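Colleague: Dropping the structure in here first, questions after.
Read the figures in this text as sums done on the coordinates, not as results from a lab. Everything quoted here is computed from the prediction, not taken from an experiment. No Cβ is skipped: glycine too gets one built from the backbone with ideal geometry, and neighbour counts run over all protein chains shown.
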Amino acid sequence: MEINKIFIHGWSFSSKIWEKYKNIPDSYFLDIPFHGNNRNFPDNNILETFSDKLQEMINSLNKETALIGWSLGASVSVLTALKKPQKLKKLILIGFSPKFMDKRLGHNPVFVKAFMMALKIDFQDTVYNFRKTAVGSSYKNIPLPEKEGSIKLLREFINLDLTDGLGDIDIPVFLIHGKKDRIINYQASIYADKKIKNSYLILTQSHHAPFLEDKTLITNLL
């Protein structure tokens with residue numbers, strides 16, 4: 001049976017990152033707050049507010065739905081799943097961390113703090129360097145996010161801890177992670193796979209966005 005697919009990108013990019021997937025039927029490509037075409041967004045409780053809107057969207061659709069979330073988008077997908085939308089039937093999480101501010105489950109806190117300082121000093125170059133580290137230099141053409149709002153969003157993500165909620169997820173979860181990921185330690189997905197009841201782990205020899213190199217990693221799961 002055909003299902004709806006909602007794609008949610010990671011921090012500093014936009015829904016344009018999913019260009020190779022735009023021909024998949026019944027698909028929606030959302031911009032996270034302060035990115036792409038979603039720049040006017042309340043700047044308090046950003047992740048929860050966006051997750052609430054996503055839950056409303058899922059409940060309004062006419063078919064069962066899968067969330068495909070990458071990086072910060074994966075965390076939004078988990079936040080939404082924990083709200084138990086009736087029509088949400090599957091999660092595909094790429095480069096997921098349940099706790100980013102953790103050397104084993106996300107990124108070294110020392111480097112994270114330095115990165116946040118660098119954003120305030122030179123936002124453009126810091127974002128471009130982040131993108132290059134994450135996926136290579138070919139995505140420099142995606143417009144920059146709105147500075148102040150995107151920094152607030154990133155700070156919420158950094159402080160988010162989903163570790164205690166993983167055991168409450170009661171739908172199938174597919175975890176895809178590149179072993180060469182320099183943004184989020186792939187051990188985070190190994191950890192999540194052990195905590196989620198109905199999970200499937202797929203490790204690749206790729207960077208932070210393995211779906212850019214191999215489209216079938218996602219399409220075979222839909």
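Colleague: Report the relative contact order of the chain, percent, no decimals, based on alpha-carbon pairs under 8 angstrom and at least 6 residues apart.
Modeller: 22 percent
Colleague: Right, here's the next one. Checking the cross-link filter: which aspartates and glutamates have an alpha carbon closer than 20 Å to that of Lys84, excluding same-chain neighbours under 8 positions apart?
Modeller: Output for Lys84: Glu48, Asp52, Glu56, Glu64, Asp161, Asp164, Asp168, Asp170, Asp193.
Colleague: Another question about this same structure. Quick one: net charge around Leu203, please, counting Lys, Arg +1 and Asp, Glu -1 for every other residue with C-beta under 13 Å from its C-beta.
Modeller: -1
Colleague: When the helix-only estimate is applied to the chain (DSSP H runs of n ≥ 4, each -39,500 (n - 2.57), divided by the residue count), what is the mean residue ellipticity at 222 nm, nearest 500 deg cm²/dmol?
Modeller: Rounded to the nearest 500, it is -10500 deg cm²/dmol.
Colleague: Between Asn44 and Leu61, what length comes free when the chain is fully extended (0.36 nm per residue of separation minus the Cα-Cα distance, one decimal in nm)?
Modeller: Separation in residues times 0.36 nm, less the Cα-Cα distance, equals 3.4 nm.
Colleague: For Arg155, put the label point 7 Å out on the Cα→Cβ axis and report which residues of segment 106-135 keep their amide N under 15 Å from it.
Modeller: 113-121
Colleague: Between Lys103 and Asp168, what is the spin-label point distance in nm, taking each point 7 Å from the Cα along the Cα→C-beta axis?
Modeller: Rounded to a tenth, the inter-label distance reads 3.0 nm.
Colleague: Over 19 Å between C-alpha atoms is what I'm after, so list which of Lys53/Lys194; Lys99/Lys152; Lys99/Lys195; Lys53/Lys132; Lys20/Lys180 land there.
Modeller: With Cα atoms farther than 19 Å apart: Lys53/Lys194; Lys53/Lys132; Lys20/Lys180.
Colleague: Can you tell me the 0 to 90 degree angle between the C-alpha axis of helix 72-81 and the longest principal axis of the chain, rounded to 10?
Modeller: Tilt relative to the chain: about 40 degrees.
Colleague: Let me ask something else. Mind scanning Lys22/Lys197; Lys83/Lys113; Lys103/Lys215; Lys103/Lys179 and naming the pairs with a C-alpha gap bigger than 20 Å?
Modeller: Among Lys22/Lys197; Lys83/Lys113; Lys103/Lys215; Lys103/Lys179, the Cα-Cα distance tops 20 Å for Lys22/Lys197; Lys83/Lys113; Lys103/Lys215.
Colleague: Provide the percentage of antiparallel DSSP beta bridges, counting only those with both residues in segment 4-219; round to the nearest 5.
Modeller: 5 percent
Colleague: Mind pulling the angle between the C-alpha long axis of helix 109-121 and the longest principal axis of the chain? Nearest 10 degrees, somewhere in 0 to 90.
Modeller: Once rounded, one gets 70 degrees.
Colleague: Only one of the values [x] 0.93; [y] 1.06; [z] 1.17 was calculated from this structure for Cα Rg over 2.2 N^0.38 Å; name its label.
Modeller: The value matching this structure is [x].
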